[in-house]
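Contents: one structure, followed by commentary.
No lab work stands behind these numbers, since they all come straight from the coordinates. Model, not experiment: these values are computed from the prediction. Note that we place each Cβ from the backbone using ideal geometry, even for glycine, and neighbour counts take in every protein chain shown.
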Amino acid sequence: MSFGSVPILAAVAIQLLLIPSVVSSLNITNEYLHHACNKTQGKYKRGSDFEKNLNTVIKNISTFDLRNGYVLDSNMDTPYRDIPPNTVFVMLRCRGDSYGPKCHSCLATALSGLRKKCPRNKAGTIWYDQCLLDISTYSSVKAVQPNRIHYDNYLCISNPKSVRGDKKLFEKKKRVFIDKLLSVINKTSDDNFRGPLYATGETMIGTKKFYGMMQCTNELFASACYVCLEWLVLDHPFCFYEGQGARLMCRSCFARFEFYPFLRT
């Protein structure tokens, strides 16, 4: 089992443009999306110090209320200096509508999934619809530097259905909507503020509602979050071109767009 790390600090979620709507529970899923096993940090043996430290950190996290949907924890105290071998960092980021008990549930799912997909790796990352779990060793301590954007393991999962009707108009309105969500992040540009940055909204495109959300992990300030999301959504146009929706993700930020509601309200 394994994962990576990220800097700390919790804060208050920013919910923008959120218009109350009735969300069918059938649309709220916690699908497995993607995983990345980091092979450069090696594997651990059963009963090793690394495994003991990992179990300690996981046990600690299981006692947190996770009311802000984010935690970075380690078996050593901060500040992270003179980090000894076998130190473990665990980062969990839950989607903005999946805090508290739902975050605990997603943690259990992600742990089980990562153990199966990256057995005894000391480092790796796994993405689900409702959470991201990352574990790493002391060798990646630079990964917990505040405000560092991690573009690792970029992935886009496109909705296979194409948009019907005027596709140019759809692309134009979609871009306006994306810019509105990004502007919410950008308005919170105080570099003393750090996540979770979470923006949601909906807009009318033709006769249908179009839904979107964006989120960053808490180690980022709002300004870096904006940069990450702009890169994620706008610098990969062919992933999300003329399709009805998409999930876009990297290590530090995540976005999703659909013609159906997929968040709890």
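Quote the relative contact order of segment 156-258 in percent (integer), defining contacts as alpha-carbon pairs under 8 Å separated by 6+ residues.
The value is 34 percent.
Working out 0.36 nm times the residue gap between LYS173 and ARG115, then minus their Cα-Cα distance, what length gain in nm do you get to one decimal?
Contour length minus Cα-Cα distance gives 16.7 nm.
Calculate the FRET efficiency for GLU31 and LYS52 from the Cβ-Cβ distance with a Förster distance of 35 Å, rounded to the nearest 0.05.
It comes to 0.60.
Sum up the charges of everything whose Cβ sits under 11 Å from the Cβ of ASN30, counting Lys and Arg as +1 and Asp and Glu as -1, but leave ASN30 out.
It works out to a net charge of 0.
Which order results if ILE178, ILE157 are arranged by neighbouring Cβ count within 10 Å, fewest first?
Sorted ascending by nearby Cβ count, the order is ILE157, ILE178.
I need the trypsin sites (Lys or Arg not before Pro) found in segment 46-112, filtered to DSSP loop residues with at most 16 other beta carbons within 10 Å of theirs.
ARG46, ARG67, ARG81
Could you line up ASP129, ASP97, ASP134 from fewest to most neighbouring Cβ atoms inside 10 Å?
Ranked by crowding around the Cβ, least crowded first: ASP129, ASP97, ASP134.
Under 19 Å between alpha carbons, and skipping anything fewer than 8 positions from LYS117 in its own chain: which aspartates and glutamates qualify?
Within reach: GLU31, GLU51, ASP129, ASP134, ASP152.
Determine the gain in length on full extension of the stretch ASN60-THR265; use 0.36 nm per residue of separation and subtract their C-alpha separation, reporting nm with one decimal.
70.9 nm
May I have the convex hull volume per residue, in Å³, for the Cα set of segment 156-258?
For segment 156-258, the hull spanned by Cα atoms encloses 76 Å³ per residue.
Filter the cross-link list LYS187/LYS208; LYS102/LYS174; LYS172/LYS208; LYS102/LYS187 down to pairs whose alpha-carbon distance in this structure exceeds 22 Å.
LYS187/LYS208; LYS102/LYS174; LYS102/LYS187
Using the 10 angstrom Cβ neighbour count as an exposure proxy, how do HIS104, HIS236 rank, fewest first?
Ascending number of Cβ neighbours within 10 Å: HIS236, HIS104.
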